[in-house]
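Remarks on the structure that follows.
The values are calculated or read from the model by the stated rules, or taken from the named source; none is laboratory data. Here the structure is a predicted model, which means the values were calculated and not measured. Heads up, the Cβs are rebuilt from the backbone with ideal geometry, glycines too, and the neighbour counts pull from every protein chain shown.
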């Protein structure tokens with residue numbers, strides 16, 4: 001039942017051509033129904049009124065002839081009158097009933113008389129339309145009843161219904177033919193326009209509308225559509241080039257990898273929409289290394305500009321009231337300078353650490369950011385330490401107090417600092433990689449020395465095909481010096 005209803009609904013909500021033809025057919029059907037009810041109500045009422053008047057005239061004529069025949073006691077003439085009425089005026093029966101309910105005469109002779117006829121009110125809806133009148137003659141008096149057949153009325157209504165049905169079918173056939181011819185010049189161009197737009201939406205950007213026939217308006221629309229598509233694609237290409245240049249600019253201001261006094265390497269893969277990742281590292285003095293990674297909310301130029309602004313402020317040490325050896329001081333100063341209400345409701349997460357190369361103590365503070373991973377080899381085994389805390393993100397709360405924690409590292413430890421775009425990857429089965437899964441993945445990769453490109457290649461095998469949906473930022477610091 002549901003499938004049948006769905007098919008009917010699809011027919012009426014399908015293509016424009018179907019809708020034009022179906023709605024035109026429905027309109028003609030409704031018009032035919034209106035004509036049918038109008039005919040029944042107006043012409044039918046006139047026909048019934050004429051029928052009632054004719055039967056009343058017949059009743060009075062029969063009464064006159066009947067009374068005359070009874071006065072003369074000419075029963076043969078009475079039978080002739082009855083026969084005339086039956087033949088000419090759809091009379092089914094005639095009955096004369098005296099005052100004591102005795103049947104004086106009836107026609108036809110085999111009529112089964114029922115006294116209840118005396119109390120029946122005349123109705124054109126009944127099978128018999130019974131009219132009554134008083135009569136008086138020299139020999140008797142009583143009630144004169146004539147039963148008229150209403151079959152002619154039902155035949156008239158059936159004829160109207162038949163005529164309307166036939167005309168409706170003819171109208172529908174003509175509407176389908178007319179609608180098909182009429183809609184052909186309108187719907188064909190629209191169908192082609194729809195097909196082209198669907199193909200463009202799926203990536204076939206070389207498709208264009210190629211109409212050779214149609215009205216001037218439709219041809220003009222198709223030309224304008226092709227021009228619009230060309231301009232949109234040109235603007236899209238310019239925008240993609242601008243985003244690519246912006247991504248290259250962000251990549252250009254990142255610090256270069258180093259080997260001395262300790263190896264630091266990184267990989268940065270901007271997303272196809274250009275995100276807000278940025279990172280940096282700097283020796284505050286010969287024995288103190290500060291390193292950090294931030295991720296601005298959202299994508300696009302707005303996120304990239306904010307990340308560049310924060311990165312330049314950290315690189316130039318121009319952040320007001322900030323002690324760059326104190327992670328809490330840095331995050332609080334950034335939180336004061338970059339409140340999201342002043343930057344288009346954009347905020348950023350951040351991990352900031354300060355490593356003392358002499359004591360191997362690492363002070364760190366993370367603001368809504370994934371923890372850093374420290375891969376440590378102990379007695380031939382490997383373990384991954386998560387280094388992070390639960391501070392709020394930067395730019396959300398003006399007076400938030402950021403906490404700093406301290407951990408002691410060991411020689412040959414490897415620090416991995418990354419954004420969530422590194423592990424929040426959609427796998428081929430549709431699920432998302434979790435931080436714990438990335439932990440296991442990183443531990444497995446660290447079973448042997450590897451380049452960061454190898455790690456990216458292994459992640460490519462796990463995630464679904466295509467570019468990274470978010471910025472991929474990965475920083476590796478190996479404590480070998």
Those residues that are more than 35 Å from the chain's Cα centre (by Cα) and assigned to a strand (DSSP E or B), I need them from the stretch 391-427; list them, please.
391, 394, 405, 406, 407, 408, 414, 415, 416, 417, 418
Could you say whether any residue in the stretch 409-424 is assigned by TED's automatic domain parsing to the domain that holds residue 373, free of Cβ contacts under 8 Å to residues at least 60 places away in the same chain and surrounded by fewer than 14 Cβ atoms within 10 Å (Cβ to Cβ)?
no
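Per-residue answers, yes or no, for (1) crowded, with 19+ Cβ neighbours inside 10 Å; (2) within 49 Å of the chain's Cα centre (by Cα); (3) touching a residue at least 12 places away in the same chain (Cβ under 8 Å):
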position: 284; (1), (2), (3): no, no, yes
position: 295; (1), (2), (3): yes, yes, yes
position: 298; (1), (2), (3): no, yes, yes
position: 311; (1), (2), (3): yes, yes, yes
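Which residue, of 307, 318, is in a loop (DSSP other than H, G, I, E, B) and either exposed (fewer than 14 other Cβ atoms within 10 Å of the Cβ) or under 44 Å from the mean Cα position of the chain (by Cα) (or both)? Spell out the reasoning first.
On the way: 307 fails: in a loop (DSSP other than H, G, I, E, B).
Going through 307, 318 in turn, just one is in a loop (DSSP other than H, G, I, E, B) and either exposed (fewer than 14 other Cβ atoms within 10 Å of the Cβ) or under 44 Å from the mean Cα position of the chain (by Cα) (or both): 318.
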Taking residue 382 as the residue in question, decide whether it is more than 30 Å from residue 284 (Cβ to Cβ) and in a strand (DSSP E or B).
yes
The stretch 260-272, subset closer than 20 Å to residue 459 by Cα and modelled with pLDDT under 90, residue farthest from the chain's Cα centre (by Cα)
269
Determine, yes or no, whether residue 7 is out of contact with any helix residue (DSSP H, G or I) (no Cβ under 6 Å at 6 or more places or on another chain), part of a helix (DSSP H, G or I) and at pLDDT 75 or above.
no
Taking residue 325 and the conditions (1) out of contact with any strand residue (DSSP E or B) (no Cβ under 9 Å at 6 or more places or on another chain); (2) under 20 Å from residue 255 (Cα atoms); (3) loosely packed, with under 15 Cβ neighbours inside 10 Å, which numbered condition does it fall short on, given that it satisfies the others?
(1)
Could you pull out the residue among 385, 455 that is assigned by TED's automatic domain parsing to the domain that holds residue 347, under 21 Å from residue 263 (Cα atoms), touching a residue at least 12 places away in the same chain (Cβ under 8 Å) and touching a strand residue (DSSP E or B) at 6+ places or on another chain (Cβ under 7 Å)?
385
So residue 101 passes all but one of these: (1) over 24 Å from residue 151 (Cα atoms); (2) in a helix (DSSP H, G or I). Which condition number does it fail?
(2)
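How many residues are more than 24 Å from residue 366 (Cβ to Cβ), modelled with pLDDT under 90 and within 43 Å of the chain's Cα centre (by Cα) if we restrict to the stretch 428-455?
Going through the stretch 428-455, the residues more than 24 Å from residue 366 (Cβ to Cβ) turn out to be 428-431, 444, 447-451, 453-454.
Still in the list and also modelled with pLDDT under 90: 428-430, 444, 447-451.
Pick out the ones that are also within 43 Å of the chain's Cα centre (by Cα) and you get 428-430.
Counting residues in the stretch 428-455 that are more than 24 Å from residue 366 (Cβ to Cβ), modelled with pLDDT under 90 and within 43 Å of the chain's Cα centre (by Cα) gives 3.
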Looking for something closer than 30 Å to residue 408 by Cα and surrounded by fewer than 16 Cβ atoms within 10 Å (Cβ to Cβ) - is there at least one such residue anywhere in the stretch 458-478?
no
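Regarding residue 81, is this residue crowded, with 18+ Cβ neighbours inside 10 Å, within 21 Å of residue 147 (Cα to Cα) and modelled with pLDDT of 75 or more?
On the way: crowded, with 18+ Cβ neighbours inside 10 Å: yes; within 21 Å of residue 147 (Cα to Cα): yes; modelled with pLDDT of 75 or more: yes.
The answer is yes for residue 81.
For every residue, the table says whether it meets (1) closer than 27 Å to residue 35 by Cα; (2) in the same structural domain as residue 29 (by TED's automatic domain parsing); (3) at pLDDT below 75.
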| position | (1), (2), (3) |
| --- | --- |
| 166 | yes, yes, no |
| 191 | no, yes, yes |
| 195 | no, yes, no |
| 216 | no, no, yes |
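Quick check on the stretch 252-271. Is at least one of its residues assigned to a helix (DSSP H, G or I), in contact with a strand residue (DSSP E or B) (Cβ under 9 Å, 6 or more places away or on another chain) and free of Cβ contacts under 8 Å to residues at least 24 places away in the same chain?
First pass over the stretch 252-271, keeping only residues assigned to a helix (DSSP H, G or I): 252.
From what's left, in contact with a strand residue (DSSP E or B) (Cβ under 9 Å, 6 or more places away or on another chain): none.
No - not one qualifying residue is present in the stretch 252-271.
For residue 291, are the conditions met, namely being in a strand (DSSP E or B) and in the same structural domain as residue 385 (by TED's automatic domain parsing)? It would help to see each step written out before you state the result.
Working: in a strand (DSSP E or B): yes; in the same structural domain as residue 385 (by TED's automatic domain parsing): yes.
Judged against the criteria, residue 291 is a match.
Would you point out which residue out of 448, 377 is in contact with a strand residue (DSSP E or B) (Cβ under 9 Å, 6 or more places away or on another chain), assigned by TED's automatic domain parsing to the domain that holds residue 334 and more than 30 Å from residue 345 (Cα to Cα)? First the steps, then the outcome.
Details: 448 fails: in contact with a strand residue (DSSP E or B) (Cβ under 9 Å, 6 or more places away or on another chain).
Just a single option satisfies the conditions, and that option is 377.
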